[in-house]
Amino acid sequence: MKRIAVGLSIVVALAVASLGVGVWQVHRFMETELPVPENGIQFEIANGSSFSAVSRQLVEKGVIQSDRLLRLHARWSGDASNVQAGDYLIMPGATPSSLLQQFTSGAVRLYSFTIIEGWNNRDLLAALHAADAVKASMTDEDWPGLLSDLGANVVHPEGLFLPETYRFPRNTTDRELLAQAYALMQTVLEEEWRARDEAAPVKTPYDALILASIVEKETARADERQRIAGVFARRLQKRMRLQTDPTVIYGLGPQFNGNLTRRDLRTDTPYNTYTRGGLPPTPIAMPGRAAIYAALNPAPGKALFFVATGLGDGSHAFSATKAEHDAAVAAYLRRLRQQRKQGG
């Protein structure tokens, strides 16, 4: 009996030692840094993938040499059934342990999409559909339905989506991104409206969007936004027509060929601020926060006109009288002719 007991003790001791070695091997493997290149490894887990399929894929991509210990750990920990489908980016410094945590937490790779100040709705939808990670789900005909789903009280999409950079996982739909941009625009517009100068010549937040979109299209210079908004504010207060080219161009639509003519300026559309008074019926572009701020906080002054200087820096000359403005226009035209001669 004593020999049997000793034999059993030895077997148990060997089993415990073997288990300990196994645990140590798994732990060492799980905490060993993986050979990941500097720019990372893109790794996609398809819907319905088993953990065995995921671990085999890691071997095939060269992330790990063998998946035996990874599968052992995943079964012991219960993580094998918690892996989430998605598009992941494995970064340098990753270990099997951090990788498993990444897969079970759903920390998928995020992509970025930027809405540019001054884009119109056609530009925006085209850019969304050109983005590889965005799933296209709508066309131009779907704007009214989208706006209804978002709870908007207007049917035209122009100006409603805040220019900003948005982060999202692969296969996010265009509708989902637009919903984020719409919600952020509503937040920003509400904040700027509450802090507005009461003298701003707009009656509603939507009017502010319209004016901001014109300011956005007229200048990209931070030092001029409020001055240009001030010109428009005074013209509106004096019941003068805004006479701004970007609204005319917007009214012409896709047929505009890049050359604004006198005939275009005389062609009446709802957006022609040479033939019609007040603001156009909708925004003409997506204004950024800075343009919204300018529209709601126009700079004081006497200027009623502005024209490009032609200096190549995007600046404008501001004038209080028509005579001053005519002189500024003449100076711009002279500079333009001189530049053409030098260029030719």
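Overview of results
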item	result
Label-reachable residues, the stretch 110-148, where backbone N falls under 19 Å from a point 7 Å from Q84's Cα toward its Cβ	110-112, 134-135
Dipole magnitude (debye, nearest 20) for the stretch 199-343, charges at Cβ of Lys, Arg, Asp, Glu	420 debye
Cα point-scatterer Debye curve for the stretch 255-324, base-10 log of I(q)/I(0) at q = 0.23, 0.29 Å⁻¹	-1.42, -1.16
Net charge over other residues, Cβ less than 14 angstrom from the Cβ of L265 (K, R count +1; D, E count -1)	+2
Folded to 0 to 90 degrees: helix 51-60 orientation relative to the chain principal axis, Cα	80 degrees
Which label in (1) 24.7, 104; (2) 31.4, 121; (3) 22.0, 78 gives the computed Rg and Dmax of the Cα atoms in Å	(2)
Positive dipole terminus of the stretch 238-286, leading residue within T244, N257, G277 (C-beta point charges)	G277
Reach of K203 by Cα under 23 Å, taken over lysines that are not fewer than 8 positions away in the same chain	K217, K238, K302
Rel. contact order, % - alpha carbon contacts under 8 angstrom, at least six apart, the stretch 147-283	22 percent
Rounded FRET efficiency, nearest 0.05, which uses the C-beta distance separating A183 from A130 and R0 of 25 Å	0.60
Estimated 222 nm signal from helices in the chain, with DSSP H stretches of n ≥ 4 weighted -39500 (n - 2.57), rounded to 500	-15500 deg cm²/dmol
5 Å-binned pair-distance histogram of the stretch 39-108 (Cα, whole percent)	3, 18, 32, 31, 14, 2, 0
For E44, residues with placed amide H under 5 Å, excluding near neighbours	Y88
Cα-centred dipole magnitude for the chain, charges only on beta-carbon of K, R (+1) and D, E (-1), debye, nearest 20	640 debye
For the stretch 122-231, size of Cβ-based charge dipole, Lys and Arg +1, Asp and Glu -1, in debye	160 debye
Calculated diffusion of the stretch 199-343, Stokes-Einstein form, Kirkwood radius summed over Cα pairs, 4 °C and 1.567 mPa s, µm²/s	82 µm²/s
Calculated diffusion of the stretch 110-189, Stokes-Einstein form, Kirkwood radius summed over Cα pairs, 20 °C and 1.002 mPa s, µm²/s	170 µm²/s
Relative exposure of R235, R340, R122, judged by other C-beta atoms within 10 Å (fewest first)	R340, R122, R235
Of the GluC sites (Glu not before Pro) in the stretch 196-291, those whose Cβ has at most 11 other Cβ within 10 Å and which sit in DSSP loop	E198
Positive dipole terminus of the stretch 38-148, leading residue within P144, Y111, M91 (C-beta point charges)	M91
Whole-Hz couplings from phi, Karplus 6.51/-1.76/1.60, listed for the stretch 162-177; x for Gly and Pro	6, x, 5, 9, 10, 10, 7, x, 4, 6, 5, 7, 4, 4, 5, 5
In degrees, nearest ten, helix 205-218 long axis to first principal axis of the chain (Cα)	80 degrees
Given charges at Cβ of Lys, Arg, Asp, Glu: the chain dipole, positive-most of Q226, P169, V59	Q226
Residue of I249, I210, I292 that the Gaussian network model of the chain assigns the largest fluctuation, springs spanning Cα pairs under 10 Å	I249
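Each reported figure results from applying straightforward, stated rules to the coordinates on display, with no laboratory input. Source: prediction; values computed, not measured. Don't worry about glycine lacking a Cβ; one is built from the backbone with ideal geometry, like all the others, and counts go over all protein chains shown.
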